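The values are calculated or read from the model by the stated rules, or taken from the named source; none is laboratory data. Bear in mind that the values here come from a model prediction, so they are computed numbers and not experimental data. Don't worry about glycine lacking a Cβ; one is built from the backbone with ideal geometry, like all the others, and counts go over all protein chains shown.
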Amino acid sequence: MKTIKKDVLIIGSGLSGLYTSLCLNDTLKIGVVTKDHMDKSNSVLAQGGIASCIDKDDSLASHIKDTMSAGSNVNNVDAVTLLVSKAPKEIHKLIDLGVQFDKDEHGMILTTLEGGHSHKRILHAKGDATGQVIMETVVGQVLKKENIEILKQTMAIKIVFHSEQVVGVIVLNNNQFVFIETSVVVIASGGIGALYRHTTNHPFSTGDGIVLAKEAGCSLVDMCFVQFHPTAFYSKEGDKKFLITEAVRGEGGKLLDRNYKPFMSKYDKRLDLASRDVVSKSIVDCMQKQNIKHVWLDITQHSKDFLEKRFPTIYAFLKKHEIYMEKSYIPVAPVAHYFIGGITTDLDGRTTVDGIYACGEVSSTGVHGANRLASNSLLECLVFGKRTANHINKRLTKNNVLSQQSQITQHIQEQMKVLDQFPPCNDQAPYLKFKNLIQSVMTQYAGIIREDKALTIAYEDICKIKQEVQEFKAVCPLYFEVFNMCIVAEQVILDAIEKDSVGCHYKISSSDNES
Ligand code: SIN
């Protein structure tokens, strides 16, 4: 059995995982497990920006109020206060690390609006490439650290305990199980967008960290809170959808119906800059009433020069589709974007199981309530990633790291034996079929508008799929991904059945659906 030893093992290489690794003491040996490569994460895809109150006319109180109001006021107030009050400091830290936010001709950082914000407080970089710029900087810093090892194309399979203490994680690399010995695990594996047919997320966002935590005994919360982004580029081809940042509406973009008429005034007095849950529901309502598959986004009031500079990524993408933002409307529709629920954590990233921490999208401090305010997600990665690291730094004194290895070898071998009985994977087709089935069920029954009877059908369908999946156990990431998708789907559906409508979880009664 191949064994690696680390003081801390971080699962996931998005902003929360990597920022945590940077904030841990340099004396600690850190492993970062990533299913793909460091340059591929949903953090990289974040376009619009990062929210922070930096303008003298803005206030922390206003950012807190907007975050709470977007979250239907069911947010954890302490988490919100912490997030907002630490934001300016974290922005300065990013600048110190080398991130260059966009500035005006006087060298002042530019800010913009997004849905649900009552002030311009979204900082951005290279126009609409904020996530990419931040991640390039953070990855660059991580690569300089000798104490951080990146274990790429590696999937975490199981957290192992001995005498009720975390002793390590079994991972799958190159179709082989490997044991990583550690007493501290940080789950930072991101969201669950791949459970849906259409998502802004990478296809590898299958909720693996949620299942890892659940099987280790960690509690989960608000699993039905899946946020749908109102404006992904609509096209008939492809399931992964290109994001059209809310900042386009922040710069004056308007949503239009099939007759090219603005329609948001029918739904909310904040119009196109209402919070994300409201805009997504309004678009779906408009699409249903007009029997259309998308609405339009109109930003034609701006010049080509402005749009090319302000939204270079989107401009280039649309140009490939022969859409020119200065003269053509953009076809858009809501798609699965962000997971608000997840692994229950306190404000230091501690889950309900000692030795297991979680931060970023996979975790839930309650900071986002029932609907995340736009551009609070990169910020969450920084604020709670750092707090997670600080807590671990205090926990791991030089004396107690890697102290127990000799007693556990036999215990691990027993655990590995079970997995080693899995056959090799000879055919990917069954797993792709299962993925497709899960996505169909979730998209049809657990999307933006939900209904109890349909959710019950969805639960039965997912249970059946899970049973079939288990017949196809194999030593390949695809098997574990599909199995994880089943478990996460079950949890989303069960919570959706249990909870009344709030924020992004919107249920109608069966009679509404029939009428
Ligand atoms: C966007 O740019 O619209 C997405 C940013 C976010 O998810 O907050």
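If you take just the strands (runs of 3 or more DSSP E) that sit entirely in region 1-66, which of them hold at least 1 residues that are out of contact with any Cys (no Cβ under 6 Å at 6 or more places or on another chain), over 18 Å from residue 173 (Cβ atoms) and away from the ligand (no atom under 16 Å from the Cβ)? Before you say what the answer is, go through the steps one by one.
Numbers: elements: 3-5, 8-11, 30-33.
Answer list for region 1-66: 8-11.
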| said: Return the pair list, or none, for Cβ contacts closer than 9 Å from residues in region 489-515 that are modelled with pLDDT under 95 to residues that are part of a loop (DSSP other than H, G, I, E, B) and polar (S, T, N, Q), at least 6 apart or on different chains. | reply: 508/501
| query | Only one residue in 78, 104, 96 is under 17 Å from residue 50 (Cβ atoms) and either buried (at least 21 other Cβ atoms within 10 Å of the Cβ) or out of contact with any strand residue (DSSP E or B) (no Cβ under 8 Å at 6 or more places or on another chain) (or both). Which one? | reply | 96
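With 357, 431 as the choices, which residue is among the aromatic types (Phe, Trp, Tyr) and touching a strand residue (DSSP E or B) at 6+ places or on another chain (Cβ under 9 Å)?
After ruling out the rest, the residue left standing is 357.
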| said: Pairs please, first residue from region 128-140 and surrounded by fewer than 22 Cβ atoms within 10 Å (Cβ to Cβ), second anywhere and β-branched (Val, Ile, Thr) and at pLDDT below 95, Cβ atoms under 6 Å, 6+ apart in sequence or on different chains. | reply: 132/44
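Checking the condition touching a residue at least 24 places away in the same chain (Cβ under 8 Å), within 23 Å of the chain's Cα centre (by Cα) and in a loop (DSSP other than H, G, I, E, B), which residue from 368, 337, 302 passes?
Values: 337 fails: in a loop (DSSP other than H, G, I, E, B); 302 fails: within 23 Å of the chain's Cα centre (by Cα).
Being touching a residue at least 24 places away in the same chain (Cβ under 8 Å), within 23 Å of the chain's Cα centre (by Cα) and in a loop (DSSP other than H, G, I, E, B) holds for just one of 368, 337, 302, which is 368.
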| request: Select, from 124, 92, the only residue that is modelled with pLDDT of 95 or more and over 26 Å from residue 25 (Cβ atoms). | output: 124
| message | Condition check: at pLDDT below 95, away from the ligand (no atom under 16 Å from the Cβ) and either over 25 Å from residue 23 (Cα atoms) or of a type outside the set (A, V, I, L, M, F, W, C) (or both). Does residue 175 satisfy that? | response | yes
| query | Checking residue 427 against (1) within 26 Å of the chain's Cα centre (by Cα); (2) free of Cβ contacts under 8 Å to residues at least 60 places away in the same chain, which single condition isn't satisfied? | reply | (1)
| What number of residues within region 1-15 satisfy the criterion of being surrounded by 24 or more Cβ atoms within 10 Å (Cβ to Cβ), more than 19 Å from residue 396 (Cβ to Cβ) and not aliphatic (A, V, I, L, M)? | 3
| Is there a residue in region 84-91 that is surrounded by fewer than 24 Cβ atoms within 10 Å (Cβ to Cβ), in contact with a helix residue (DSSP H, G or I) (Cβ under 9 Å, 6 or more places away or on another chain) and part of a loop (DSSP other than H, G, I, E, B)? | no
| field | Qualifying residues in region 310-319 (those that are part of a helix (DSSP H, G or I) and within 27 Å of the chain's Cα centre (by Cα)) - the one surrounded by the fewest Cβ atoms within 10 Å (Cβ to Cβ) | value | 316
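Please find, among 347, 373, the residue that is closer than 18 Å to residue 81 by Cβ, crowded, with 24+ Cβ neighbours inside 10 Å and among the aliphatic types (A, V, I, L, M).
Details: 347 fails: crowded, with 24+ Cβ neighbours inside 10 Å.
Answer to the check: 373.
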| When residue 252 is evaluated against the numbered criteria (1) away from the ligand (no atom under 16 Å from the Cβ); (2) at pLDDT 95 or above; (3) assigned to a loop (DSSP other than H, G, I, E, B), which criterion, by number, is the only one it fails? | (1)
